[in-house]
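Laboratory data are not the source of any read-out in this text; all were calculated from the coordinates shown. Keep in mind the model is a prediction, meaning the values are calculated, not measured. Positions of Cβ are backbone-derived with ideal geometry, glycine not excepted, and every protein chain shown enters the neighbour counts.
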């Protein structure tokens, strides 16, 4: 069995399709998406449809990201909507659903986003979208930390487990490995790469929106 952590997607369906084709997931594998399915890229709707389909075939765990939070807030608050459209790349997200905007978002997509987890824990790792407070038990972490706090130079978590996260885009477009914490957001939504990390081995695969593939090791 492989644990396969997949970085922030940001509406880049073509990169996701290529990555899945490259890693060839097997029924015993566990796919963990670290959030940020929407915004910036051209096909947020397609990304969510694709993941919902993957859930029917494989073991899939999806985490919540800050862009999903903004998507929800923009649906109900005009101030958030203006900020989302102007600064967060929300326009391409609405466009991907059709001319009706929020009215065209199917209930299955809201349901998918609502059931995404704030974190996922194994015997050796903690998966979150953004970060952890080092001296706070996992169940007591603030939502802001889990989905908004930048990576920076995090201290080891009190659990002794390795944190794997996204959220903070790595401008070198390769995962940042601190040993006790690994950030796999390699900025696919702004010209970088989409990353899948094989957690047990440290090997990773990457795909780009232009159809390129590459791989490496932490």
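Each part gets one Cα centre, and for region 7-34 versus region 185-218 those centres are 10 Å apart.
Label-point separation (nm) for residue 102 and residue 21, each offset 7 Å from Cα along Cα-to-Cβ? A separation of 3.7 nm, rounded to one decimal place. Projected onto their three principal axes, the Cα atoms of region 56-103 cover extents of 37, 23, 17 Å, largest first.
Spin-label model, residue 172 to residue 136: label points 7 Å out along the Cα-to-beta-carbon direction sit 2.9 nm apart. With each label modelled as a point 7 angstrom along the Cα→C-beta vector, the residue 203-residue 110 pair spans 4.3 nm.
In terms of Cα atoms, the Rg and Dmax of region 111-152 work out to 10.7, 33 Å.
Using Cβ contacts closer than 10 Å as the measure, can you line up 23, 6 from fewest to most? Write down the numbers at each step before the final one.
Values: 23 19, 6 24.
Going from least to most buried by this count: 23, 6.
Of 163, 1, the sequence from fewest to most neighbouring Cβ atoms within 10 angstrom is 1, 163. Taking all Cα-Cα distances within the chain, those exceeding 22 Å account for 46%. Ordering 178, 132 by the number of other Cβ atoms within 10 Å of each residue's own Cβ, fewest first, gives 178, 132.
Using 16 Å as the cut-off for backbone N distance, which residues of region 51-87 belong to the label zone defined by a point 7 Å from the Cα of residue 95 along Cα→Cβ? Answer for this model: 84-87. Do the sum for the chain: with -39,500 (n - 2.57) for every DSSP H run of n ≥ 4, divided by all residues, what is the mean residue ellipticity at 222 nm, to the nearest 500 deg cm²/dmol? Helix-only estimate at 222 nm: -8500 deg cm²/dmol. Among 78, 161, 150, the largest mean-square fluctuation in a Gaussian network model of the chain (Cα springs under 10 Å) belongs to 78. With r as the distance between the Cβ atoms of residue 56 and residue 85 and R0 = 45 Å, compute the FRET efficiency 1/(1 + (r/R0)^6) and round to 0.05. According to the calculation, E is roughly 0.90.
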